[in-house]
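Asks: One structure, pasted below without further comment.
What follows is calculated from the coordinates using simple rules that are stated; it is not laboratory data. These numbers come from a predicted model, not from an experiment. Counting neighbours? That spans all protein chains shown, and the Cβs are built from the backbone with ideal geometry, glycine included.
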Amino acid sequence: MRVSYHPGYYAQISEDHVFPMRKFEGLHHYLLQKKIIEPKDVVAPRQIDYQHLYLVHTRRYVNAISNGTLERKEARRLGLPWSHSLAVRSRLAVQGTLNASLMALQDGIAGNLAGGTHHAYPDHGEGFCVYNDVCVAVRTLQWSKWANKVLIIDCDVHQGNGTAAIFQDDPDVFTFSMHGEKNYPFRKPSSDRDVPLEDGLTDKPYLQILERELGHVFNQFSPDIVFYLGGIDPLESDKYGRLNLSLEGLRQREELVISKITDMQLPLVLLISGGGYGPAIEETVKAHAQMYEVASSLGF
């Protein structure tokens, strides 16, 4: 199974910042150490071309990120301090998702050891999301005629508001978001199918809801490729998640989603999305690794 990763996924950030920037290199090291992937499977992206970013994002916003000229209000909304390494990291990660989508079309499944930055809008970033990597990848696939109909399955505990807004008028992109009803973002644009969850939901009802809802999605939409945002913030250990999934419940979620899509022989792109706001980076890495462990167990 091929994956996108670059050491530049780490951007300079204060060690006491809430965002777990070290999780990307930690996940890369863990997957290699456990032999879930081999060194030859790791494809290092370059920085994505601006013309691809412009398929989704405004030139003004892209220039502000590139040059460090965000207004103070924009920087607060983004939630990450600007640095040159952040600008570079953001372009690398978007190319990583585009690379993973092309590899998935070839191999059946591939991943980016980052990505899923679903809160970014065309003209601004928010919630630690600079560019919307999935939207840029999807628009590039459509523009290049590599794919037409795309399904985005978003199981991050926070609704993919940027993604929902960007694709709200595109009948060829189906956005599915299963998230905490009372959690961030508090203003939620409509996805094609939103599944709001009550606080405190545990493994069994969560999995039952997900299986039922995915059945509804595939009954009404037939994609050429699927992007899966497997956020780990539904875990009970996540300080901002407000759901109560166990680590085993999270693994069962990955098995449910990945096996369903691969059984249908649909190309699948794995993205780690949000989470990691738990007590230790080691726990974060192991939780993110589960989707790759599941994919490996299925023969990829």
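Asks: For region 110-205, which trypsin sites (Lys or Arg not before Pro) are both in a DSSP coil and crowded by at most 12 other Cβ atoms within 10 Å?
Replies: Sites meeting the loop and neighbour criteria: Lys145, Lys182, Arg187.
Asks: For the pair Glu211 and Glu283, what calculated FRET efficiency results from E = 1/(1 + (r/R0)^6), where r is the Cβ-Cβ distance and R0 = 35 Å, to the nearest 0.05?
Replies: The calculated FRET efficiency here is 0.85.
Asks: Using a Förster radius of 30 Å, what is the FRET efficiency between Gln265 and Leu32 based on their Cβ-Cβ separation? Nearest 0.05, please.
Replies: Once rounded, the FRET efficiency stands at 0.60.
Asks: Follow-up. Hey, how many Å between the Cα centroid of region 1-44 and the Cα centroid of region 198-224?
Replies: Taking the Cα centre of each part, region 1-44 and region 198-224 sit 29 Å apart.
Asks: Moving on. List the aspartates and glutamates whose Cα sits under 15 Å from the Cα of Lys145, skipping any in the same chain fewer than 8 residues away.
Replies: Within reach: Asp172, Asp224.
Asks: Related question: Which trypsin sites (Lys or Arg not before Pro) in region 1-46 pass both tests, a DSSP loop state and at most 11 other beta-carbon atoms within 10 Å?
Replies: Counting only loop positions with at most 11 other Cβ atoms within 10 Å, the trypsin sites (Lys or Arg not before Pro) in region 1-46 are Lys35.
Asks: So if each residue of separation counts as 0.36 nm, and I subtract the Cα-Cα distance between Lys204 and Asp123, what length gain in nm does that give?
Replies: That pair, Lys204 and Asp123, stretches by 25.3 nm at full extension.
Asks: Across the chain, where is the longest run that never hits GluC sites (Glu not before Pro) in a DSSP loop with at most 11 other C-beta atoms within 10 Å?
Replies: Answer - 72-197.
Asks: Would you mind classifying region 222-300 by shape? Square roots of the alpha carbon gyration tensor eigenvalues, ordered a ≥ b ≥ c; an a/c under 1.5 is rounded, otherwise it is prolate if a/b is larger than b/c and oblate if not.
Replies: prolate
Asks: Can you compute the modelled spin-label distance between Tyr240 and Gln220, with each label point 7 Å from Cα toward Cβ, in nm?
Replies: 3.0 nm
Asks: Now for a separate question. Mind checking which aspartates and glutamates have their C-alpha under 17 Å from Lys23, skipping anything on the same chain fewer than 8 residues away?
Replies: Output for Lys23: Glu15, Asp156, Asp233, Asp238, Glu282, Glu283, Glu293.
Asks: Can you give the % of DSSP beta bridges in the chain that are antiparallel, to the nearest 5?
Replies: 5 percent
Asks: Could you give the DSSP H helices of the chain that reach 30 angstrom or more along their long axis (alpha carbon positions) and whose average Kyte-Doolittle hydropathy is no lower than 0.0?
Replies: 84-107
Asks: As an exercise, take the mean of 1/r over every pair of distinct alpha carbons in the chain, invert it, and state the Kirkwood radius in angstroms.
Replies: After inverting the mean inverse Cα-Cα distance, the result is 18.8 Å.
Asks: Cut-off 18 Å, label point 7 angstrom out along Cα-to-Cβ of Ser144: give me the residues of region 81-125 whose amide nitrogen falls inside.
Replies: From region 81-125, the list is 91-113, 115-116.
Asks: Kindly state, to the nearest 0.05, the FRET efficiency for Ser190 paired with Gln12, given R0 = 30 Å and r defined as their beta-carbon distance.
Replies: Between Ser190 and Gln12 the formula returns 0.25.
Asks: Turning to a different aspect of this structure: Please go through the residue pairs Lys35/Lys286; Lys35/Lys149; Lys204/Lys286; Lys182/Lys204 and name each one whose alpha carbons sit more than 23 Å apart in this structure.
Replies: Those over the limit are Lys35/Lys149.
Asks: Using a Gaussian network model of the chain with C-alpha springs under 10 Å, which one of Leu86, Leu256, Leu229 is most mobile by mean-square fluctuation?
Replies: Between Leu86, Leu256, Leu229, it is Leu256 that shows the largest mean-square fluctuation.
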